[in-house]
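The values are calculated or read from the model by the stated rules, or taken from the named source; none is laboratory data. Keep in mind it's a predicted model, so treat the numbers as computed, not measured. Quick note on the areas: whole protein, heavy atoms, side chains included, nothing else; ligands and nucleic acids left out. Shrake-Rupley method; radii C 1.70, N 1.55, O 1.52, S 1.80 Å.
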Amino acid sequence: TYYLSYSDPVIVSSYDGEGSNIDMILNCGVQYDDTGSFCCRVAYTKDAGKTWILGDDEIRYTPGQGILAYEGGVSEGTILEVKDENGKGTGKLVLYARCQYDNVDVFCKAYSYDYGANWTTAAELTDLYTVNTQPIMHEFGDAQLMFWGGNNVLGGNSYQRMPMNVAISRDGLESFDPPKNDSSWHDPRLARQAPKLRNILWPRNFCCHIDT
């Protein structure tokens, strides 16, 4: 078993430094068996990062059919805390992750309702089409942005991570616009070029600035 992380720690709203609350969480990809299969586990700190506790919950996707693909399983997650109408953290966290299985071509997601200490272990599939790549979420005003590289018809096992995509959520991370709703994504004539979908920014005009 080994652990890896392509993500930065996320500060949650219960942060109190040296107190008893959870301050930050960190998603880890975990190889949990001899086949090289991955799941996600989340570590958290209660002392501003001096020490970390690895949560027990293993976030996995169990398909009704199909088998694990190469580097298969749930890995490379991104996490944000859901805010209320006043912009305050609610303690509900949402994780979106790469979900690499045969016949799966979307991200999956899981939830925590206690600032990241415990997680739903059965990952749900989303409607965000992707090749096998990592999603990244960022706060942007009163909305949340999702970035990922890979919106082509080569399928969920492809490593052709292009073009760059941006989608936006305004409903507490439950959905992102645009959803997977265009059959042209699966037209083989588009395998080497970007599908013409609305609300996605392609590399020729991609630009994003976020104030921190």
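Would you kindly work out the equivalent ellipsoid of region 1-123 from its C-alpha gyration tensor and give its semi-axes, the square roots of five times the eigenvalues, largest first in whole Å?
The equivalent ellipsoid of region 1-123 has semi-axes of 27, 16, 10 Å.
So how do MET146, MET164, MET24 rank on accessible area, 1.4 Å probe, biggest first, that is with the largest at the start?
Highest to lowest solvent-accessible surface, that is MET164, MET24, MET146.
Considering only protein heavy atoms and a 1.4 Å probe, what is the carbon-and-sulfur percentage of the accessible area of region 73-114?
40
Please list 3J(HN,Hα) in residue order for region 103-119, calculated via the Karplus relation 6.51 cos²θ - 1.76 cosθ + 1.60 where θ = phi - 60°; whole Hz, with x for glycine and proline.
So the J values, rounded to whole Hz, are 6, 10, 10, 9, 6, 10, 8, 8, 10, 10, 10, 9, 6, x, 6, 10, 9.
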